[in-house]
Amino acid sequence: MIRKSIIAAALSLTCLLPATAYAKSTHDLKPQFDVAYQNYKKAIASDSAEQQIKFAKEAYELGGKIYNKTGTDYANLAINLGAVYNSKEQFAQANEVLLPILAIYENEYPADAKEWVALYFELADSMPWEERKKKVSYFRKAVKVAKNYKKESPVYYAQIQLEVGIKLLHVRPKDSKMILSALEVFQEHLQPNDTRVIRANFHAGKYYQTRNRKSKAISYFESNLPIFETLEGPTHPYELMTRAFLIQMLESKGETDKATEHCIAIGAMKPWSDAQEQTPLFRTKPRLSKKIVTRGASYTIIKFTITESGMVKNPIVTESGGNSRFDKASIAAVKRWRYAPKFENGKPVAATSRVKISFETS
């Protein structure tokens, strides 16, 4: 998953500046803290999840013994740890660390201080689904605070809008329209090949996809393609996702030939090994009528050929749970699936694949 903390994406809001004042009784802990914090920064740069959590937690715990637990140094360490937990989807741990920081910030910062943005964002991210009203409220507070800096730093404000808009796509999609506002600012101030523009285009497409406005979604996804095609070297991280979403949108509109172009482009992105499994870029579920669905569980294993254009050809059942109607429904569904074709020596080739489809009813 591609996820940059809002801290890194928006002016390093919680970048810790270690304090010079600490208790004499904990003087011997300071070197340990310095090492832990430097290791944490190295782990962030290396994308090592295990190391990030280990050293962020170590720095946070040592900082709690060295610095005043009601001060901003300790609060910054907590936000660092909370952001790492969130990025690894350990939301309960993040929430436990971040909630107490609200009281510290209320004592240390005015309500419109930029420092609040990072706390609100990470706290919102950590809230459980059943408290999504609070989650949305914290996200909105982050945007509201950032808006105070819109005039002096429009790109910063747009960045906050983009990050919050992306999060709201999964919580309250209709509120994600701020992604479009962010994109307008990026287009005015940044180059088309800037990653922020590419991300905003991609998520603008996802916004319109949630609104079931397929043509609009396709337009935004396609806007990034000229950039991808001019790049040399490794494939851009967003190209695979962009083309995969385009395949879904185009197939849902019946534009199979256009979808095929993206299947082939994805297949050409990286070399294939004999052991590498192909995964569907577009799939439909079996249609289960009352006659098909029976009490209990069933499954079917289907073998088929993926053609040079990523189509499914000659699907056959190689193993069945005994429900022939479910087998037939699964075959009908798999025929509509789309794959990236396998490439050999720079050319697409046909390849054999298989899939297991199962269902269970109570």
Quick one: if you stick a label point 7 Å off each Cα along the C-beta vector at residue 38 and residue 148, how many nm between them? 3.6
Length released on extending from residue 132 to residue 230, taking residue separation times 0.36 nm less the Cα-Cα span: 31.2 nm
Long-range HN-HN contacts of residue 281 with modeled amide H, under 5 Å: 338, 339, 340
The chain, Kirkwood Rh and Cα Rg, ratio Rg/Rh at 1.05
Before rounding to the nearest 500, sum -39500 (n - 2.57) across all DSSP H runs of length at least 4 in the chain and divide by the residue total; then give [θ] at 222 nm in deg cm²/dmol. -17000 deg cm²/dmol
Using C-alpha positions alone, give me the convex hull volume of segment 42-81 per residue in cubic angstrom. 54
Spin-label point model (7 Å from Cα, Cβ direction): what's the residue 319 to residue 268 distance in nm? 3.7
Packing-ranked peptide list from 85-92, 62-69, highest mean Cβ count within 10 angstrom first, is 62-69, 85-92
Using the beta-carbon distance between residue 171 and residue 90 and R0 = 25 Å, what value does 1/(1 + (r/R0)^6) give for FRET efficiency, to the nearest 0.05? 0.85
Compute the FRET efficiency between residue 99 and residue 258 as 1/(1 + (r/R0)^6), taking r as their Cβ-Cβ distance and R0 = 30 Å, and round to the nearest 0.05. 0.05
Let me check I've understood the local charge: for residue 218, count other residues with C-beta under 11 angstrom from its C-beta, Lys and Arg +1, Asp and Glu -1. What total comes out? +3
Which whole-Hz couplings ³J(HN,Hα) result when phi for each residue of segment 80-94 is put into the Karplus expression 6.51 cos²θ - 1.76 cosθ + 1.60, θ = phi - 60°, listed in order with x for Gly and Pro? 4, 5, x, 5, 5, 4, 4, 5, 9, 6, 9, 5, 4, 5, 4
Give me the net charge of residue 55's neighbourhood, meaning all other residues with Cβ under 9 Å from the Cβ of residue 55; Lys, Arg count +1, Asp, Glu -1. +3
Just the accessible area per residue of the chain, please: how many Å² with a 1.4 Å probe? 54
Neighbours of residue 108 by Cβ distance under 12 Å: Lys/Arg at +1, Asp/Glu at -1, summed charge -3
Of the accessible area of segment 142-206, computed with a 1.4 Å probe and all protein chains kept, carbon and sulfur make up a percent value of 44
For segment 130-211, listing GluC sites (Glu not before Pro) in a DSSP loop whose Cβ sees at most 11 other Cβ atoms within 10 Å gives 152
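The values are calculated or read from the model by the stated rules, or taken from the named source; none is laboratory data. In this text, all values refer to a predicted model and were calculated from it rather than measured experimentally. When we count neighbours, we look across all protein chains shown, and the Cβ atoms used for this are built from the backbone with ideal geometry, even at glycine. Areas reflect the complete protein model, heavy atoms only, side chains present, ligands, DNA and RNA absent. Shrake-Rupley method; radii C 1.70, N 1.55, O 1.52, S 1.80 Å.
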